[in-house]
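The values are calculated or read from the model by the stated rules, or taken from the named source; none is laboratory data. Remember, predicted model here, so these are calculated numbers, not experimental data. Cβ: placed from backbone, ideal geometry, glycine included. Neighbour counts: every protein chain shown. Just so you know, the surface numbers come from the protein's heavy atoms only, side chains and all, with ligands and any DNA or RNA stripped out. Shrake-Rupley method; radii C 1.70, N 1.55, O 1.52, S 1.80 Å.
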Amino acid sequence: MLSFNTNNGAILALDVLRSTTGSRDDTLSRVTSGQRVATAADNAAYWSIATTMRSDNKMLSAVEDALGLAGGIVDSATNGYSAATDVLVEFKKLLVLSREAGVDRDKINTDLDQLKDQLKNIANSSSFAEQNWLKRTDVVDDVDRQLVGSFRRDADGGVTVTNITYEIAGTPGTSDVNFLVDDFSGDGGILTGSGFATELGTSKDWVLFNGENGGAYDEITLTDTTTSAEIEEMISVVDAMAERTIDVATMLGAIGTRIELQTEFTKDLQDSIEFGVGKMVDADLNAESTRLRALQTQEQLGIQALQIANSGTERFLDLLL
């Protein structure tokens, strides 16, 4: 039936063309953006999960940066203790040499003074990001060091940032101390504390040197009046100090290894999350490109169909003219 008021064929062709054009636009959007779920309207559940996972990935990126900073701090401290251990070995060798008859102890003591200065330089310079784990200058330095270790989200959606803890203070006045130098009270440092001499039961409270603002113990110094028994005590004390620096360096090395492993795990976890998000929301570009070509063809056919549907009334008008 032909009607001037209603062209059913044209209406049907127009509806098909609108549907084809909408599908083409959606497919083109997926091709250009690379995502099949770009907004909540595309798939609310997938979009919500993907958005949360992307947020977690950004948190993991921040954790990775924090781990890099923590690694620098720990490596700086580890290198400082390793260097101090080498200097203490040289110090002990000179003390052993001073026991030999006929040696000039004043000259050996000059070398010992140079090694003491080197140890002070190591303690002063072993810092990273304004943190120095070798030197104690105030009671606030005794606070445990907290390093960002990881980030996780539990089943209830809560987030937790876990820390790697290093108990830096130890027990002042004993051999269980972790600072290399204590310029506040003396007893918190390996080189400035009397705990080693006390535990060894030496005749004097031997220390390598006294802290700048604390401690008034007997510094290990060689003179012509120094006895062999005193040198033996000095050697024992320095040996105990060297063993403690090795222990502390080992603890820090273990923390450094943990940081390296956690950094690698964090990178792998970021890759896994990115891959998982991609599986949910990324478009299959091969399929979408093929679909786009097909929809473009359908669009052209739809335009031609609309033209054909409108051509019936045009031929009827020709008869009236």
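Out of the total accessible area of segment 1-160 (probe 1.4 Å, heavy atoms of protein only), what percent is carbon and sulfur? The computed percentage sits at 51.
Under 13 Å from a label point set 7 Å out along the Cα-to-Cβ vector of ASP42, the amide N atoms of segment 263-279 belong to 277-279. According to the Cα-based calculation, Rg over Rh for segment 1-154 is 1.56, with Rh computed by the Kirkwood formula. Using the alpha carbons alone, the radius of gyration of the chain stands to its Kirkwood radius in an Rg to Rh ratio of 1.48.
In the chain, what % of DSSP beta bridges are antiparallel (nearest 5)?
Bridges in the chain are about 70 percent antiparallel.
What angle do you read, to the nearest 10 degrees and between 0 and 90, between the alpha-carbon axis of helix 285-320 and the longest principal axis of the chain? Helix 285-320 and the main axis of the chain meet at about 20 degrees. Please work out the average accessible area per residue across segment 211-281, using the 1.4 Å probe convention, and give it in Å². Value for segment 211-281: 52 Å² per residue. Segment 189-262 and segment 91-164 have Cα centres spaced 12 Å apart.
Between ASP282 and ASN310, the FRET efficiency from the beta-carbon distance, with R0 = 41 Å, is close to 0.45. Model label points for VAL159 and ASP15, set 7 angstrom from Cα along the Cα-to-Cβ axis, are 4.9 nm apart.
Secondary-structure-derived ellipticity at 222 nm for the chain, considering helices only, amounts to -22500 deg cm²/dmol, per-run term -39500 (n - 2.57) for DSSP H runs with n ≥ 4. Of all DSSP-defined beta bridges confined to segment 91-229, some 70% are antiparallel rather than parallel. On a per residue basis, the convex hull of the C-alpha atoms belonging to segment 158-215 measures out at 83 Å³. Compactness check for segment 190-321: Cα Rg over 2.2 N^0.38 Å is 3.08. Between THR51 and THR257, the C-beta separation translates, for a Förster distance of 35 Å, into a calculated FRET efficiency of about 0.50.
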